[in-house]
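What follows draws every value from the coordinates through simple rules; no lab data is involved. Just so we're clear, the structure is a prediction, and the values are computed from it rather than from any experiment. For neighbour counting, all protein chains shown are included, and Cβ atoms are generated from backbone atoms with ideal geometry for every residue, glycine included.
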Amino acid sequence: MSLKRAQPLETIAWLNTAAPISLEGLRGKVVLIEAFQMLCPGCVSHSLPQAMRVRQFFSEKDVAVVGLHTVFEHHSAQGTKEALGAFLHEYRISFPVGIDAPSDHGGPPKTMSAYQMQGTPTAILIDRNGYLRKQKFGSEQDMVLGAEIMSLLKEDQPTGFDKVTPLPDQAGCTDEGCVIPSNK
């Protein structure tokens, strides 16, 4: 399987963070990017609550949850930083959210175009090394997403089961296992 690097986030502003977020700055963590629009029913009912559950369940030192407000329709109703700030406050969304940069020539915003998203919601999973591992338009089951995140967290991590060292008083033990001693 050939992996490709995740595209950088092209944003014009950030909310819920003191400084802009970059994927380069998140290296070493699994990253979930949740692309959404305020007026997208599937985003409001499923993907944003799911992203909040991921943020709550997984340690922030291991998993970064990032929102991407990518407006490709109804610009006048949801295109301002103030409107998005009120939305995030109302829905208690506390993870960082970037506002996708508008296209220079019309059409979808820049990050949305770079990832060739079909629409919103779109979930993007990036591994610890900055490679795109999944992109899904629409909703995903919590168990599936959780398992995928956990799988990425376990990649290149020692299992602790590589070599079993027998205790000194286990005379019948080797790397292959322990033999029950005979009582003769």
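Can you tally the net charge around residue 72? Count Lys and Arg as +1, Asp and Glu as -1, for every other residue whose Cβ sits under 13 Å from the Cβ of residue 72.
-1
Want the number for residue 73 to residue 59: 0.36 nm per residue separation, take away the alpha-carbon distance, what's left?
Length difference between fully extended and current span is 1.6 nm.
Using a basic spin-label model with each label point 7 Å from the Cα along Cα→Cβ, how many nm lie between residue 142 and residue 91?
1.7 nm
Multiplying the sequence separation of residue 116 and residue 131 by 0.36 nm and subtracting their Cα-Cα distance, what value in nm do you get?
The span from residue 116 to residue 131 would gain 3.8 nm if fully extended.
Quick one: which residues, 5+ away or cross-chain, put their amide H under 5 Å from the amide H of residue 67? H built at 1.01 Å from N.
34, 97, 98
Trypsin sites (Lys or Arg not before Pro) within the range 1-87: which are DSSP loop residues with at most 14 other Cβ atoms inside 10 Å?
Hits after loop and neighbour filter: 27, 61.
As an exercise, identify the trypsin sites (Lys or Arg not before Pro) in the range 89-143 lying in DSSP coil whose Cβ has no more than 14 other Cβ atoms within 10 Å.
92
Step through the table entries 134/154; 29/81; 81/136, compare each Cα-Cα distance with 18 Å, and write down the pairs that go over it.
29/81; 81/136
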